[in-house]
């Protein structure tokens, strides 16, 4: 599939490792150079702000989707487009609608909540778009262990766990997203060989 827009979930903080900033800028440059429209949470702070600024500085396009409450509290950037929503639920719905694929960089509770929701929606068949982790410095190691444990204990089917794309390089990450098979797999069917 062709990826024309990528929704990126990431921290409104920078974290305590300079590598997070470096990789955010690397992804932003990759998106701009390859004409992939960035969709993100709209703030101008932390990794999310750095990512958006890098895309814009290199001639790329950025759509920020931000609730009114948060917009009044954070730095704004001169984006290609800003969509202001009434609340977080509408924000996420709009982000999901206008994006071809999703990835999560390092972040906190909000990042993991957005990631797990969009991954859940994929599992339930509400969309068939690829979901991924931009796993900088193995940030998501414990989350991936949690998923593997849930598979082992019978709470997640291995076929669904296997659909989460994981990479730490922008080029190979986007390549994997374009190669994703969007066929819906019925969560409710018990007829899986690998159950």
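The values are calculated or read from the model by the stated rules, or taken from the named source; none is laboratory data. Since this is a predicted model, take the numbers as computed values, not measurements. As a convention, Cβ positions derive from the backbone with ideal geometry for all residues, glycine included, and neighbour counts pool all protein chains shown.
See the values below:
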item: Selection status of residue 65, closer than 17 Å to residue 115 by Cα, in a strand (DSSP E or B) and without any contact (Cβ under 8 Å) to a residue 40 or more places away in the chain; result: yes
item: Every residue from region 1-31 that is farther than 11 Å from residue 106 by Cβ, touching a residue at least 24 places away in the same chain (Cβ under 8 Å) and assigned to a helix (DSSP H, G or I); result: 25, 26, 27, 28, 29, 30, 31
item: Condition check for residue 49: modelled with pLDDT of 95 or more, surrounded by 20 or more Cβ atoms within 10 Å (Cβ to Cβ), outside any helix (DSSP H, G or I) and more than 14 Å from the chain's Cα centre (by Cα); result: no
item: Qualifying residue in region 102-118 (condition: under 24 Å from residue 33 (Cβ atoms) and out of contact with any strand residue (DSSP E or B) (no Cβ under 7 Å at 6 or more places or on another chain)); result: yes
item: Test result for residue 95, under 15 Å from the mean Cα position of the chain (by Cα), assigned to a helix (DSSP H, G or I), farther than 20 Å from residue 165 by Cα and touching a residue at least 40 places away in the same chain (Cβ under 8 Å); result: no
item: Every residue from region 100-151 that is assigned to a loop (DSSP other than H, G, I, E, B), touching a helix residue (DSSP H, G or I) at 6+ places or on another chain (Cβ under 6 Å) and surrounded by fewer than 22 Cβ atoms within 10 Å (Cβ to Cβ); result: 127
item: Answer from 86, 104 - the residue that is in contact (Cβ under 8 Å) with a residue 12 or more places away in the chain and closer than 17 Å to residue 12 by Cα; result: 104
item: Test: residue in region 69-85 that is under 20 Å from residue 38 (Cα atoms) and buried (at least 22 other Cβ atoms within 10 Å of the Cβ); result: no
